[in-house]
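K.L.:
Shown below is the structure under consideration.
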Amino acid sequence: MIVVKFGGTSVQDTSAVLRAAEVVRGRLSRRPVVVVSALGGATNALLAIAEQASQGHLISALSAVEGLRDRHLRTAEELLAEAPSAQAADVMADLSATFDELASLAEALSVLGHVTPRSMDAIAAKGEMLSSELVVAAFRARDIPATHVNAMHVMVTGEQYGRAEPLPERIAEAARRHVRPLVERGEVPVLGGFVGATELGIVTTLGRGGSDYSASLFGAALGADAIEIWTDVDGMLTADPRVVPDAQLIERIGFDEASELASFGAKVLHPSTIAPAVRLGIPVYIYNSRNPSGRGTQITFDAPVRDVRAIAGKQGVTVVKVRSPRMLLAHGFLRTVFEIFDKHRTSIDVVATSEVSVSLTVDDATHLDGLVVDLSQLGDVSVERNRGIVALVGANLGNSSEAMSRALAAISPMKVHMLSLSASGINLTILVDGDQVAPAMRALHRAFFGVSND
Ligand code: ADP
Ligand code: ASP
Ligand code: MG
């Protein structure tokens with residue numbers, strides 16, 4: 001059994017869904033379980049609807065609902081043009097009912113005048129609910145024995161709306177009950193990614209880009225032989241091709257390297273995707289749905305070792321610095337700092353310490369105000385916004401001082417605010433000004449992989 005996940009661009013319109021159908025048809029003998037994202041752009045549109053409605057702009061929110069309805073119904077109509085008309089009418093009615101519900105939700109939000117993470121999830125989740133219904137109908141119309149499985153019945157999570165934590169044992173149990181029997185009967189289960197529900201059945205989501213994570217969680221729950229992520233690039237590349245146009249395909253990459261790249265900005269994979277797969281040693285492949293015969297990337301334990309495998313980067317990084325003479329020779333100081341971050345549910349990316357100060361970087365500054373108040377009890381706190389991180393990733397990087405010095409030479413004379421080699425020696429992170437991330441990535445790529453023009 002394999003899990004095959006299609007991202008937003010891979011189901012964005014009629015021709016994309018048709019390509020996805022052919023990918024699945026070619027894999028029927030491997031017993032695929034299909035996971036789909038919302039139609040490309042739909043999640044952004046849904047979140048904007050929730051915002052607009054809650055700010056009292058009901059007319060524009062409702063007109064955006066109608067825009068999405070048109071897009072989904074038009075795509076369904078095209079995909080079901082040759083299906084029996086009663087069958088097509090049922091599908092259109094089901095899709096349309098979801099949009100009626102969405103319009104009522106928007107109206108309710110405009111009356112309330114505010115939106116909670118829980119209602120945001122209720123709205124955001126509609127994208128995958130719609131796309132999965134649409135894909136099932138399209139596959140069935142092409143003789144692929146697809147069956148819809150409501151992801152809310154399988155992806156059991158905690159109550160952290162907006163970025164819920166999956167409960168793997170409950171998911172495994174639900175997958176055995178709702179998904180495995182279908183596979184054993186020769187059917188192709190299709191589930192929406194990103195979407196989950198609490199044990200009480202309240203809708204949650206796994207956070208932006210979370211369909212990759214859904215695929216790996218379902219893969220682990222079902223003991224799949226492989227997890228395939230189908231997207232809009234040829235695989236994992238030596239850098240984001242939007243920033244470095246001549247980035248090259250990586251055919252094989254280690255789990256740990258892929259995981260670091262994802263955490264430091266390689267959006268091609270949600271950062272949590274690797275953990276469930278690595279636990280069971282399930283290989284993860286990344287393929288291009290527009291170029292299905294491409295070689296793709298294999299993420300595996302036994303990739304050949306390199307000093308520098310790829311470069312990632314991200315902007316919008318905030319640095320928090322705590323300076324305290326009390327830190328000098330004192331033990332327990334860092335523990336207290338970390339406890340404060342934990343209390344404010346803020347995860348730290350990079351840490352650097354000196355005798356009397358500690359600098360920490362965070363991606364998500366939502367809880368920054370409370371954090372600073374608590375940290376101020378420990379010493380002087382300063383905050384630097386609009387920083388960025390570039391990360392050099394390679395399993396042998398820690399053993400190559402030549403690679404590290406080449407990296408620093410490549411980005412000279414850019415200002416480096418912080419430098420950190422991960423304990424495993426696999427990741428060199430360099431903190432730069434936010435607007436220097438793209439030029440730094442291009443300079444590093446040129447230094448390690450050859451030509452790359454600014
Ligand atoms: P999907 O909708 O299929 O989940 P995403 O937009 O989430 O697709 O991820 C694919 C995008 O990730 C690519 O279009 C590319 O711009 C970006 N990306 C960033 N870093 C990398 C990288 N190292 N290799 C490949 N793609 C990358
Ligand atoms: N549709 C969701 C998003 O846009 C999840 C995903 O596509 O992975 O964030
Ligand atoms: Mg994605």
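Rule-based calculations on the coordinates, nothing more; no lab input. Remember, it's a predicted structure, so these values are computed and weren't measured experimentally. When we count neighbours, we look across all protein chains shown, and the Cβ atoms used for this are built from the backbone with ideal geometry, even at glycine.
K.L.:
Could you pull out every residue, at least 5 positions away or on a different chain, whose amide H is within less than 5 Å of the one on residue 207? Hs are placed 1.01 Å off N in the peptide plane, and Pro or chain starts have none.
P.N.:
Amide H to amide H, under 5 Å and 5 or more residues apart or across chains, residue 207 pairs with 164.
K.L.:
Just to be sure I follow the definition: excluding the sites themselves, where is the longest run in the chain that has none of the GluC sites (Glu not before Pro) in a DSSP loop with at most 10 other Cβ atoms within 10 Å?
P.N.:
Counting only loop sites that pass the neighbour cut-off, the longest clear stretch is 83-354.
K.L.:
How far is helix 58-79 tilted, in degrees, relative to the longest principal axis of the Cα atoms in the chain, given as a value from 0 to 90 rounded to the nearest 10?
P.N.:
60
K.L.:
So, one more: Hand me the chymotrypsin sites (Phe, Trp or Tyr not before Pro) from region 286-352 located in a DSSP loop with no more than 11 other Cβ atoms within 10 Å, in residue order please.
P.N.:
Passing sites in region 286-352 are 301.
K.L.:
Something else: How do 318, 98, 205, 231 rank when sorted from fewest to most other Cβ atoms within 10 Å of their own Cβ?
P.N.:
98, 318, 231, 205
K.L.:
Select from region 334-427 those trypsin sites (Lys or Arg not before Pro) which occupy a DSSP coil region and have at most 16 other Cβ atoms within 10 Å, ordered by residue number.
P.N.:
Here the trypsin sites (Lys or Arg not before Pro) that fit, given the DSSP loop and packing criteria, are 345, 415.
K.L.:
Explain nothing, just compute: Karplus ³J(HN,Hα) = 6.51 cos²θ - 1.76 cosθ + 1.60, θ = phi - 60°, for every residue of region 145-156 in order, whole Hz, x for Gly and Pro.
P.N.:
Coupling constants for region 145-156: x, 7, 9, 6, 10, 5, 4, 5, 7, 10, 7, 7 Hz.
K.L.:
Check residue 160: other-chain or 5+ apart residues with amide H under 5 Å from its amide H, H built from backbone geometry?
P.N.:
Long-range HN contacts for residue 160: 165.
K.L.:
Additional query: Round to a whole angstrom and tell me the spacing of the C-alpha centers of region 287-325 and region 104-148.
P.N.:
Centre-to-centre (Cα) distance: 31 Å.
K.L.:
If you don't mind, there's one more thing I want to ask. What's the long-distance tail for region 1-57, i.e. % of Cα pairs beyond 19 Å?
P.N.:
44
K.L.:
For the pair residue 51 and residue 15, how long in nm is the line joining their label points, each one 7 Å along Cα→Cβ?
P.N.:
3.1
K.L.:
What is the Cα centroid distance between region 78-100 and region 1-56, reported in whole angstrom?
P.N.:
17
K.L.:
Run the helix sum for the chain: -39,500 (n - 2.57) per DSSP H stretch of 4+ residues, divided by residue count, reported at 222 nm to the nearest 500 deg cm²/dmol.
P.N.:
Estimated from H runs of four or more residues: -13000 deg cm²/dmol.
K.L.:
Moving to a separate point now. Counting only other residues whose beta carbon sits under 12 Å from that of residue 130, what net charge do I get with K and R as +1, D and E as -1?
P.N.:
Charge balance near residue 130 sits at -1.
K.L.:
What is the antiparallel percent of DSSP beta bridges lying wholly in the chain, to the nearest 5?
P.N.:
60
K.L.:
Enumerate the amide H contacts of residue 33 below 5 Å, restricted to partners 5 or more residues apart or on another chain; note that Pro and chain-start residues carry no placed amide H.
P.N.:
2, 3, 4
K.L.:
Report ³J(HN,Hα) in whole Hz for each residue of region 398-414, in order, from the Karplus equation J = 6.51 cos²θ - 1.76 cosθ + 1.60 where θ = phi - 60°; Gly and Pro get x.
P.N.:
Going residue by residue, I get x, 8, 10, 5, 4, 5, 5, 6, 4, 4, 5, 5, 5, 9, 5, x, 4 Hz, with x marking Gly and Pro.
K.L.:
Just from the alpha-carbon atoms, what are the Rg and Dmax of region 70-126 in angstroms?
P.N.:
14.6, 44
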